[in-house]
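Report on the following structure.
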(Lines give C-alpha, C1' and ligand atoms only; values in the text may rest on other atoms or scores of the structure.)
Protein backbone atom coordinates (compact mmCIF):
# COMPACT_ATOMS: atom_id res chain seq x y z
CA UNK A 1 0.00 0.00 0.00
CA UNK A 2 1.56 3.30 -1.09
CA UNK A 3 1.04 6.08 1.45
CA UNK A 4 1.82 9.19 -0.47
CA UNK A 5 -0.53 12.15 -0.18
CA UNK A 6 -1.84 11.22 -3.65
CA UNK A 7 -2.80 7.68 -2.62
CA UNK A 8 -6.36 6.57 -2.11
CA UNK A 9 -5.80 5.58 1.52
CA UNK A 10 -3.52 6.53 4.41
CA UNK A 11 -2.57 4.64 7.54
CA UNK A 12 -2.99 6.63 10.74
CA UNK A 13 0.74 7.40 11.05
CA UNK A 14 0.95 8.72 7.50
CA UNK A 15 -2.24 10.75 8.00
CA UNK A 16 -0.87 12.20 11.24
CA UNK A 17 2.45 13.09 9.63
CA UNK A 18 0.77 14.70 6.61
CA UNK A 19 -1.51 16.76 8.86
CA UNK A 20 1.24 17.71 11.31
CA UNK A 21 -0.43 16.07 14.32
CA UNK A 22 0.31 12.98 16.40
CA UNK A 23 -1.10 9.52 15.82
CA UNK A 24 -2.76 9.89 19.22
CA UNK A 25 -4.59 12.94 17.89
CA UNK A 26 -5.87 10.96 14.91
CA UNK A 27 -7.12 8.17 17.19
CA UNK A 28 -8.72 10.74 19.51
CA UNK A 29 -10.48 12.46 16.59
CA UNK A 30 -11.86 9.11 15.51
CA UNK A 31 -12.94 8.22 19.05
CA UNK A 32 -14.94 11.45 19.49
CA UNK A 33 -16.43 11.41 16.01
CA UNK A 34 -14.47 14.22 14.38
CA UNK A 35 -13.09 11.65 11.96
CA UNK A 36 -15.26 8.80 10.71
CA UNK A 37 -14.26 5.30 11.83
CA UNK A 38 -11.32 4.00 9.86
CA UNK A 39 -11.39 0.69 8.10
CA UNK A 40 -8.77 -1.84 9.17
CA UNK A 41 -6.21 -3.84 7.28
CA UNK A 42 -5.98 -7.59 7.81
CA UNK A 43 -3.22 -6.91 10.31
CA UNK A 44 -5.37 -4.38 12.22
CA UNK A 45 -3.91 -1.08 11.06
CA UNK A 46 -6.30 1.84 10.69
CA UNK A 47 -6.72 2.96 7.09
CA UNK A 48 -8.29 6.32 6.22
CA UNK A 49 -9.46 7.65 2.88
CA UNK A 50 -7.28 10.40 1.41
CA UNK A 51 -10.12 12.85 2.17
CA UNK A 52 -9.38 12.40 5.89
CA UNK A 53 -6.32 14.63 5.50
CA UNK A 54 -8.46 17.61 4.46
CA UNK A 55 -10.84 16.82 7.33
CA UNK A 56 -8.03 16.90 9.91
CA UNK A 57 -6.69 20.16 8.46
CA UNK A 58 -10.17 21.71 8.63
CA UNK A 59 -10.46 20.64 12.27
CA UNK A 60 -7.04 22.14 13.08
CA UNK A 61 -8.01 25.46 11.45
CA UNK A 62 -11.34 25.54 13.27
CA UNK A 63 -9.64 24.85 16.60
CA UNK A 64 -7.34 27.83 16.00
CA UNK A 65 -10.31 30.20 15.81
CA UNK A 66 -11.90 28.86 18.95
CA UNK A 67 -14.16 25.97 18.00
CA UNK A 68 -14.12 23.09 20.47
CA UNK A 69 -13.76 19.46 19.50
CA UNK A 70 -17.26 18.83 20.86
CA UNK A 71 -18.71 21.51 18.59
CA UNK A 72 -16.80 20.19 15.60
CA UNK A 73 -17.91 16.65 16.34
CA UNK A 74 -21.55 17.77 16.42
CA UNK A 75 -21.26 19.74 13.18
CA UNK A 76 -19.27 17.14 11.27
CA UNK A 77 -21.59 14.31 12.32
CA UNK A 78 -24.54 16.35 11.04
CA UNK A 79 -22.67 16.97 7.78
CA UNK A 80 -21.75 13.29 7.43
CA UNK A 81 -25.41 12.38 7.92
CA UNK A 82 -26.31 14.54 4.91
CA UNK A 83 -27.22 17.69 6.82
CA UNK A 84 -26.14 21.23 6.09
CA UNK A 85 -24.98 22.64 9.44
CA UNK A 86 -23.80 25.93 7.92
CA UNK A 87 -26.10 28.12 10.02
CA UNK A 88 -24.91 26.35 13.16
CA UNK A 89 -21.27 26.88 12.18
CA UNK A 90 -21.98 30.56 11.48
CA UNK A 91 -23.70 31.01 14.86
CA UNK A 92 -20.85 29.28 16.67
CA UNK A 93 -18.34 31.56 14.93
CA UNK A 94 -20.37 34.63 15.91
CA UNK A 95 -20.33 33.40 19.51
CA UNK A 96 -16.55 32.96 19.28
CA UNK A 97 -16.17 36.56 18.11
CA UNK A 98 -18.36 37.84 20.96
CA UNK A 99 -16.22 35.90 23.41
CA UNK A 100 -13.01 37.30 21.92
CA UNK A 101 -14.39 40.83 22.17
CA UNK A 102 -15.34 40.20 25.81
CA UNK A 103 -11.81 38.92 26.47
CA UNK A 104 -10.32 42.04 24.86
CA UNK A 105 -12.44 44.24 27.14
CA UNK A 106 -11.37 42.17 30.15
CA UNK A 107 -7.73 42.55 29.11
CA UNK A 108 -8.17 46.31 28.85
CA UNK A 109 -9.62 46.37 32.38
CA UNK A 110 -6.75 44.21 33.58
CA UNK A 111 -4.23 46.55 31.96
CA UNK A 112 -5.79 49.53 33.76
CA UNK A 113 -5.71 47.56 37.01
CA UNK A 114 -2.04 46.59 36.62
CA UNK A 115 -1.16 50.22 35.90
CA UNK A 116 -2.85 51.23 39.17
CA UNK A 117 -1.00 48.48 41.01
CA UNK A 118 2.33 49.61 39.58
CA UNK A 119 1.61 53.22 40.51
CA UNK A 120 0.79 52.12 44.08
CA UNK A 121 3.91 49.95 44.25
CA UNK A 122 6.12 52.76 42.96
CA UNK A 123 4.86 54.99 45.80
CA UNK A 124 5.43 52.20 48.35
CA UNK A 125 8.98 51.58 47.13
CA UNK A 126 9.84 55.30 47.09
CA UNK A 127 8.52 55.80 50.62
CA UNK A 128 10.26 52.73 52.05
CA UNK A 129 13.65 53.03 53.63
CA UNK A 130 16.53 51.09 52.15
CA UNK A 131 16.16 47.43 53.12
CA UNK A 132 12.59 47.95 54.41
CA UNK A 133 9.91 45.61 53.09
CA UNK A 134 7.21 47.21 50.95
CA UNK A 135 4.82 44.22 51.08
CA UNK A 136 3.99 44.61 47.40
CA UNK A 137 2.21 41.31 46.85
CA UNK A 138 0.28 41.61 50.11
CA UNK A 139 -0.82 45.09 49.08
CA UNK A 140 -2.77 43.62 46.16
CA UNK A 141 -5.70 42.96 48.47
CA UNK A 142 -5.92 46.68 49.25
CA UNK A 143 -5.61 47.67 45.59
CA UNK A 144 -8.37 45.23 44.55
CA UNK A 145 -10.62 46.56 47.30
CA UNK A 146 -9.96 50.20 46.25
CA UNK A 147 -10.51 49.43 42.55
CA UNK A 148 -13.77 47.62 43.24
CA UNK A 149 -13.13 45.06 40.51
CA UNK A 150 -13.39 41.30 40.78
CA UNK A 151 -9.96 39.64 40.70
CA UNK A 152 -10.71 37.34 37.73
CA UNK A 153 -12.70 38.88 34.91
CA UNK A 154 -12.01 36.41 32.10
CA UNK A 155 -14.59 34.01 30.73
CA UNK A 156 -13.96 30.32 31.06
CA UNK A 157 -14.09 27.89 28.16
CA UNK A 158 -16.84 25.36 28.47
CA UNK A 159 -15.50 21.89 29.08
CA UNK A 160 -17.77 19.89 26.80
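The values are calculated or read from the model by the stated rules, or taken from the named source; none is laboratory data. Values in this document were obtained by computation on a predicted structure and should not be read as measured data. Every residue, glycine among them, receives a Cβ derived from its backbone with ideal geometry; neighbour counts consider all protein chains shown.
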Task: Given (1) modelled with pLDDT under 85; (2) closer than 25 Å to residue 98 by Cβ; (3) touching a helix residue (DSSP H, G or I) at 6+ places or on another chain (Cβ under 9 Å), index of the condition residue 156 fails - done: (3)
- [ ] Taking only segment 8-36 into account, find how many residues are in contact with a strand residue (DSSP E or B) (Cβ under 9 Å, 6 or more places away or on another chain) and not in a helix (DSSP H, G or I).
- [x] 6
- [ ] Take residue 75 and decide whether it is within 30 Å of residue 103 (Cβ to Cβ), touching a helix residue (DSSP H, G or I) at 6+ places or on another chain (Cβ under 8 Å) and not in a helix (DSSP H, G or I).
- [x] no
Task: residue 87 out of contact with any strand residue (DSSP E or B) (no Cβ under 7 Å at 6 or more places or on another chain), surrounded by 12 or more Cβ atoms within 10 Å (Cβ to Cβ) and either in a helix (DSSP H, G or I) or at pLDDT below 95 (or both) - done: no
Open item on the list: Of all residues being within 18 Å of the chain's Cα centre (by Cα), farther than 13 Å from residue 10 by Cα and touching a residue at least 40 places away in the same chain (Cβ under 8 Å) in segment 34-68, which is surrounded by the fewest Cβ atoms within 10 Å (Cβ to Cβ)? Just the residue, please.
Closed with: 60
Task: Tabulated pairs, segment 99-111, first farther than 13 Å from residue 66 by Cα, second surrounded by 13 or more Cβ atoms within 10 Å (Cβ to Cβ) and modelled with pLDDT under 95, C-beta under 7 angstrom, 6+ apart or interchain - done: 106/153; 109/149; 109/153; 110/153
Open item on the list: Exactly one of these conditions fails for residue 128: (1) surrounded by 11 or more Cβ atoms within 10 Å (Cβ to Cβ); (2) under 22 Å from residue 32 (Cβ atoms). Give me its number.
Closed with: (2)
Task: Tally, over segment 121-153, of residues that are assigned to a helix (DSSP H, G or I) and at pLDDT below 90 - done: 8
